[in-house]
Amino acid sequence: MKLLFMGVQGSGKGTQAKIISVKLGVPHISTGDLLRGATQELKKEIDSYIAVGRLVPDELMLRVLNARLLLEDCNGGFILDGYPRNIVQAKKLDEITTIDKVIEIVISDEEAFIRAIYRVTCSKCGEGYNTKTNSSKKI
């Protein structure tokens, strides 16, 4: 099954995608994780945009994503999280794969704002979490 999780930042799409990917036995593919995990020349190209505060161009992001989708663990499906972000990206995604289902997670603007305020990343493991709902986690 090829799933796409959509929702505003802080909606919980990444959290839910991780949980469901384990249950379905398919990889959870976060475009942010793909960009952070790039290596060698690809990492240099990606960082040339990020270092100056620019978005990674659609064509480069599609190239990174396509390489990931071609790996063997995606043969049985996958869950996409964070891509596509616009109609151009959606059309490009259609050129490289099909999506079986789209799951949209809807929360209020107020809730998204509150979640964003309390969102942090663990300096040791890189995992994101919310200090309001998970105050026992140590940074």
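Note on the chain: semi-axes of the ellipsoid equivalent to its C-alpha gyration tensor, largest first and rounded to whole Å, are 24, 20, 16.
Would you order THR39, THR15 from fewest to most other beta-carbon atoms within 10 Å of each residue's own beta-carbon? Working shown, then result.
Values: THR39 7, THR15 15.
Exposure proxy ranking, most exposed first: THR39, THR15.
Counted by neighbouring Cβ atoms within 10 Å, the residues CYS74, CYS122 run from fewest to most as CYS122, CYS74.
Sites listed here are trypsin sites (Lys or Arg not before Pro) in the stretch 13-91 whose DSSP assignment is loop and whose Cβ has at most 10 other Cβ atoms within 10 Å: ARG54.
Working from the pairwise distances between different alpha carbons, so that the mean of 1/r is found and then inverted, what is the stretch 18-60's Kirkwood radius in Å? Intermediate values should be presented prior to the final figure.
On the way: mean 1/r = 0.0845 Å⁻¹.
Over the stretch 18-60, the inverse of the mean reciprocal pair distance is 11.8 Å.
For ASP100, ASP73, the sequence from fewest to most other C-beta atoms within 10 Å is ASP100, ASP73.
Throughout, read-outs are computed from the coordinates displayed, never taken from laboratory work. Computed from a predicted structure; not experimentally measured. Glycine also receives a Cβ, built like all others from the backbone with ideal geometry; neighbour counts cover every protein chain displayed.
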